[in-house]
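First the structure, in the form of structure tokens, and then the observations on it.
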Amino acid sequence: MSAADCVFCRIVAGEIACLKVFEDADTLAFLDIGPLAEGHTLVIPRQHYERIEQMPPDLLGRIMSPIPRLVRAVMAATGTDACNVLANTGAAAGQVVMHVHIHIIPRRSGDGLGYRWPAGKYPPGRGEEVARQIVLAL
Ligand code: AMP
């Protein structure tokens with residue numbers, strides 16, 4: 001499965017070059033062309049899925065399984081001991097390329113990267129209600 005106008009499908013097809021660091025039957029990993037830090041790596045399924053929740057769980061498992069090794073390698077190569085591993089999912093969450101990808105972003109203290117993370121607090125009873133809604137939706 002591929003999408004003709006998808007940049008990551010074109011990388012998988014070899015139509016667009018990438019700096020590949022890992023591949024297996026299901027997975028390709030390559031350097032992000034616009035790195036937030038040296039070594040910023042993307043891990044993608046070869047098959048085209050727009051969003052993580054659309055993937056068959058076993059395929060998602062297979063593309064996640066090289067992540068520990070890749071994280072160790074990215075940190076070793078960049079001399080870091082921290083990284084963000086994340087998937088922007090949906091435009092409101094910052095997803096620009098609509099082909100599932102996991103970012104591995106090496107981090108150093110004081111590097112100036114980071115999220116706004118304005119941690120809130122549930123009013124009494126609200127957390128229980130939200131948890132109940134999630135459980136019902138599962
Ligand atoms: P996101 O905002 O999570 O969709 O991130 C998409 C990422 O893909 C960005 O960090 C881009 O720099 C990266 N990207 C886009 N095109 C390419 C490309 N041809 N090769 C490598 N990375 C790319």
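Below is a table of values for the structure above.
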quantity: Contour excess over end-to-end distance, with Cα ends at ALA119 and ALA76 and 0.36 nm allotted per residue; calculated: 12.3 nm
quantity: Formal net charge of residues neighbouring GLN95 (Cβ-Cβ distance under 10 Å; K, R +1; D, E -1); calculated: 0
quantity: Over segment 38-138, relative contact order from alpha-carbon pairs under 8 Å, at least 6 apart, %; calculated: 34
quantity: Farthest toward positive dipole pole in the chain [+1 Lys/Arg, -1 Asp/Glu at C-beta], among PRO123, VAL7, LEU59; calculated: PRO123
quantity: Exposure rank, largest accessible area first [MET75, MET98, MET55; 1.4 Å]; calculated: MET98, MET75, MET55
quantity: Loop-exposed trypsin sites (Lys or Arg not before Pro) per DSSP, neighbour cap 15 Cβ within 10 angstrom, longest uninterrupted part of the chain; calculated: 52-107
quantity: Sequence of ILE104, ILE33 when ordered by accessible area, the most exposed leading, probe 1.4 angstrom; calculated: ILE33, ILE104
quantity: Within the chain, helix-based [θ] at 222 nm, where runs of 4 or more DSSP H residues each add -39,500 (n - 2.57), nearest 500; calculated: -8000 deg cm²/dmol
quantity: Surface accessible to a 1.4 Å probe, per residue, for the residues of segment 26-138, Å²; calculated: 63
quantity: Fraction of accessible area attributable to carbon and sulfur, the chain (%, probe 1.4 Å); calculated: 58
quantity: Area accessible to solvent at HIS103, 1.4 Å probe radius, in Å²; calculated: 20
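The values are calculated or read from the model by the stated rules, or taken from the named source; none is laboratory data. Computed from a predicted structure; not experimentally measured. Because the Cβ atoms are built from the backbone with ideal geometry, glycine has one as well, and the counts that use them run over all protein chains shown. To get the accessible areas, we keep the full protein, side chains included, count just its heavy atoms, and leave off ligands, DNA and RNA. Shrake-Rupley method; radii C 1.70, N 1.55, O 1.52, S 1.80 Å.
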